[in-house]
1. Would you mind finding the one in Asp108, Asp101 that is out of contact with any Pro (no Cβ under 7 Å at 6 or more places or on another chain), among the acidic types (Asp, Glu), surrounded by 14 or more Cβ atoms within 10 Å (Cβ to Cβ) and closer than 30 Å to Gly262 by Cβ?
2. Which of the residues belonging to segment 275-294 are within 18 Å of Met210 (Cα to Cα), open to solvent by less than 10 Å² (accessible area, probe 1.4 Å) and in a strand (DSSP E or B)?
3. Answer with yes or no whether Leu201 is modelled with pLDDT of 85 or more, open to solvent by less than 60 Å² (accessible area, probe 1.4 Å) and closer than 25 Å to Glu301 by Cα.
4. Criterion first (part of a loop (DSSP other than H, G, I, E, B), over 27 Å from Ser188 (Cβ atoms) and open to solvent by less than 30 Å² (accessible area, probe 1.4 Å)) does Ala230 satisfy it?
5. Name every residue in segment 295-313 that is of a type outside the set (A, V, I, L, M) and either surrounded by fewer than 24 Cβ atoms within 10 Å (Cβ to Cβ) or in a loop (DSSP other than H, G, I, E, B) (or both), in order of residue number.
6. Among the residues of segment 186-196, is there at least one that is open to solvent by less than 10 Å² (accessible area, probe 1.4 Å), in a helix (DSSP H, G or I), at pLDDT 75 or above and farther than 27 Å from Leu51 by Cα?
7. Is it fair to say Gly19 is open to solvent by 50 Å² or more (accessible area, probe 1.4 Å), modelled with pLDDT under 95, among the small types (Gly, Ala, Ser) and more than 38 Å from the chain's Cα centre (by Cα)?
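The values are calculated or read from the model by the stated rules, or taken from the named source; none is laboratory data. Model, not experiment: these values are computed from the prediction. As a convention, Cβ positions derive from the backbone with ideal geometry for all residues, glycine included, and neighbour counts pool all protein chains shown. For accessibility, only protein heavy atoms count, side chains too; no ligands or nucleic acids. Shrake-Rupley method; radii C 1.70, N 1.55, O 1.52, S 1.80 Å.
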Amino acid sequence: MGRVTTRTGDGGTTRLWDGTPVPKDDPRIRLNGALDETTSALGLARGLAPLSLKEDLERLQREISGLMAYVARGKKDAALPDAAGLESWIERLLAAYPVPDEFLFPGDTAVGGALHLARALSRRAERDALPLAREGILAPEAMRYLNRLSDMLFVLAVAADREAMVERITKNVLKTVSRENGSRSSLSRENAKRLLAAMELAAEQMGVPMVLAVCDGAGDPVAFLRMDGALPISLILAPKKARTAARLRMTTAQLTSLVQPGAMLYGLTGDPDIVAFGGGIPLRRGDEVCGGVGVSGGSVEQDIAIAEAALAAWNENE
């Protein structure tokens, strides 16, 4: 196991990337300290963030890490940060998450607050960079990146607040729907076996090995079948499709358009239990949702066709 204590900094010095010893209050070290604080706050935000933003936050952490290598390069070569790329990224986020006109106070959500903290720390990093820019140690492109970084973190904070609130509302809706479904007529095991048989026959006729799942009105599993040769991932997807259809009272194919950016249920993309592509169908008795079926293993169209075979068998007996 590697050591954490190096025993080389007790004299108040540290080293640049090329091995050059410098005091710990060297402007380059001060700047990297502020950037380290910034990316640490970003890490807190990433741990709190909705799934839809985690990849963006990790990407930004990696960019800042690259910037830190550039600052501490000494006589080594290190790539300049891409300010133009950051600007384009900001514009893409603004298109999806417009910034409101009024002044924003951090704290609407924990993740947004963490990102505003990172933004404030990045502004300190920009101030610490000014002496290095005047000495020619930092290129104008690096200063441009630092200036845009706080803008990026502000836009990410707005996006995170919005995503977190949508996710919270969505989860509350799902809990309400689940409670309502759970209190209604459910699905018997015998009915579930009959639906599995209808789907298995249709899949055999199609010549595609499938995983087939049936759940009750609350989304809890009732019956399950894995055909020989079905894909391992389908073991996960089929039950999730059945559960999604039962809990949301719609087919997973209908859900696809509703979870696109800007659509009514976009926040659902952050729920790992939701599947938003075809193959899940709710089972109704009048206005009541009694259960759902989920199919996975073929193309989306094939999965839908097999699920519809179960729906036809269900409707024959209703």
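1. On the way: Asp101 fails: surrounded by 14 or more Cβ atoms within 10 Å (Cβ to Cβ).
The conditions single out Asp108.
2. Within segment 275-294, Gly280, Gly292, Val293, Gly294 qualify.
3. So Leu201 does not fit the description; no.
4. Working: part of a loop (DSSP other than H, G, I, E, B): yes; over 27 Å from Ser188 (Cβ atoms): no; open to solvent by less than 30 Å² (accessible area, probe 1.4 Å): yes.
When the stated conditions are applied, Ala230 does not pass them.
5. Our first condition is that a residue be of a type outside the set (A, V, I, L, M); within segment 295-313, this holds for 296-299, 301-303, 308.
Passing the criteria: Gly297, Gly298, Ser299, Glu301, Gln302, Glu308.
6. Going residue by residue through segment 186-196, those that are open to solvent by less than 10 Å² (accessible area, probe 1.4 Å) are 192, 195.
Applying the additional criterion that residues be in a helix (DSSP H, G or I) yields 192, 195.
Add one more test, that the residue is at pLDDT 75 or above, and what stays is 192, 195.
Next, only the ones that are farther than 27 Å from Leu51 by Cα stay: 192, 195.
So far as segment 186-196 goes, yes, one or more of its residues are open to solvent by less than 10 Å² (accessible area, probe 1.4 Å), in a helix (DSSP H, G or I), at pLDDT 75 or above and farther than 27 Å from Leu51 by Cα.
7. For Gly19, the condition - open to solvent by 50 Å² or more (accessible area, probe 1.4 Å), modelled with pLDDT under 95, among the small types (Gly, Ala, Ser) and more than 38 Å from the chain's Cα centre (by Cα) - is not met.
Let's see how each residue does on (1) under 20 Å from the mean Cα position of the chain (by Cα); (2) within 30 Å of Val22 (Cβ to Cβ); (3) part of a helix (DSSP H, G or I):
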{"position": "Gln61", "(1), (2), (3)": "yes, yes, yes"}
{"position": "Asp77", "(1), (2), (3)": "no, yes, no"}
{"position": "Ser88", "(1), (2), (3)": "no, no, yes"}
{"position": "Pro106", "(1), (2), (3)": "no, no, no"}
